[in-house]
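**Q** Have a look at this one.
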Amino acid sequence: MPKIPDDRAYLARLQDYYARWRSLPAYGPLQAVLGMASRSAVAKVLHRLQAAGFLERTPDGRWTPTGRFFERPHAEVPVPAGLPLATADSGDARSIDAWLVRHPSRTVLIPITGDSMIEDGIHSGDVAVVERDTPAWPGDRVIAVIDNEFTLKTLAVDDGEAVLKPANPAYPVLRPGDRLQIFGVVVGLIRHYRRLP
């Protein structure tokens, strides 16, 4: 019985390579990455991954990832932080970028320092996903500019005046008046729980 190609494992190796080097290697190095003895075997894998929508060819003939290449398994059942539930198989795949970023040209990642938003679960070292040129409403977490300095706070209204509220009682409510500029609205947050090697 012929061996069935494990394209999921090959895709995982390519994803790991791309995460480290931000490109896909040429055919020669790809043989080592995929653990294959011939260029023709590598070509077959690449063409199958292309047919599945994970890779495409650039006009100059290079292999490059598609948006689907960056999808990650997305579980259908949420994991409770309370009592355990029975495990379930993963659902559809989902790209983190597609989930957090609605407008790529207006989205920036901003590292967070300080603890003024700690009670909202925003910690120093987190990275805020911020959408610029988006209307901000009371209750939104915003990156604001006051006197050319950036701050992350919750936008609120007090006596008809826009104010910036911290999520830590050690910090005061900011009342910038007409000095307030909204740089962008925080639409997501990224946090590493393990130190990267």
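The values are calculated or read from the model by the stated rules, or taken from the named source; none is laboratory data. Keep in mind that what you see is a predicted model, and the values were worked out from it rather than measured. When we count neighbours, we look across all protein chains shown, and the Cβ atoms used for this are built from the backbone with ideal geometry, even at glycine.
**Q** Considering each residue of the range 152-197, count those that are under 22 Å from LEU100 (Cα atoms), without any contact (Cβ under 8 Å) to a residue 12 or more places away in the chain and either part of a helix (DSSP H, G or I) or hydroxyl-bearing (Ser, Thr, Tyr) (or both), and give that number.
**A** 1
**Q** Quick test for you: out of GLY114, GLY139, GLY184, pick the one residue that is in contact with an Asp or Glu (Cβ under 7 Å, 6 or more places away or on another chain) and modelled with pLDDT of 90 or more. Explain how you work it out, then say what you get.
**A** Numbers: GLY114 fails: in contact with an Asp or Glu (Cβ under 7 Å, 6 or more places away or on another chain); GLY139 fails: in contact with an Asp or Glu (Cβ under 7 Å, 6 or more places away or on another chain).
One residue alone meets the criteria, GLY184.
**Q** Could you check, for the range 44-55, whether at least one of its residues is at pLDDT below 85 and in a helix (DSSP H, G or I)?
**A** no
**Q** Among the residues of the range 109-130, is any in contact with a helix residue (DSSP H, G or I) (Cβ under 8 Å, 6 or more places away or on another chain), surrounded by 11 or more Cβ atoms within 10 Å (Cβ to Cβ) and over 30 Å from ARG8 (Cβ atoms)? Steps first, answer last, please.
**A** Going through the range 109-130, the residues in contact with a helix residue (DSSP H, G or I) (Cβ under 8 Å, 6 or more places away or on another chain) turn out to be 129.
From what's left, surrounded by 11 or more Cβ atoms within 10 Å (Cβ to Cβ): 129.
Narrowing the set further to residues that are over 30 Å from ARG8 (Cβ atoms) leaves none.
Looking for residues that are in contact with a helix residue (DSSP H, G or I) (Cβ under 8 Å, 6 or more places away or on another chain), surrounded by 11 or more Cβ atoms within 10 Å (Cβ to Cβ) and over 30 Å from ARG8 (Cβ atoms), one finds none in the range 109-130, hence no.
**Q** Of all residues in the range 117-151, which are in a strand (DSSP E or B) and within 21 Å of PRO104 (Cα to Cα)? Break it down stepwise before answering.
**A** Of the range 117-151, the ones in a strand (DSSP E or B) are 127-132, 141-146, 149-151.
Hits for the range 117-151 are VAL127, ALA128, VAL129, VAL130, GLU131, ARG132, ARG141, VAL142, ILE143, ALA144.
**Q** Filter the range 23-69 for residues that are of a type in the set (S, T, N, Q), surrounded by 14 or more Cβ atoms within 10 Å (Cβ to Cβ) and either under 30 Å from TRP99 (Cα atoms) or in contact (Cβ under 8 Å) with a residue 60 or more places away in the chain (or both) and give the result.
**A** First, the residues of the range 23-69 that are of a type in the set (S, T, N, Q): 23, 31, 38, 40, 50, 58, 64, 66.
Imposing the further condition that a residue be surrounded by 14 or more Cβ atoms within 10 Å (Cβ to Cβ) reduces the set to 31, 50, 66.
Hits for the range 23-69 are GLN50, THR66.
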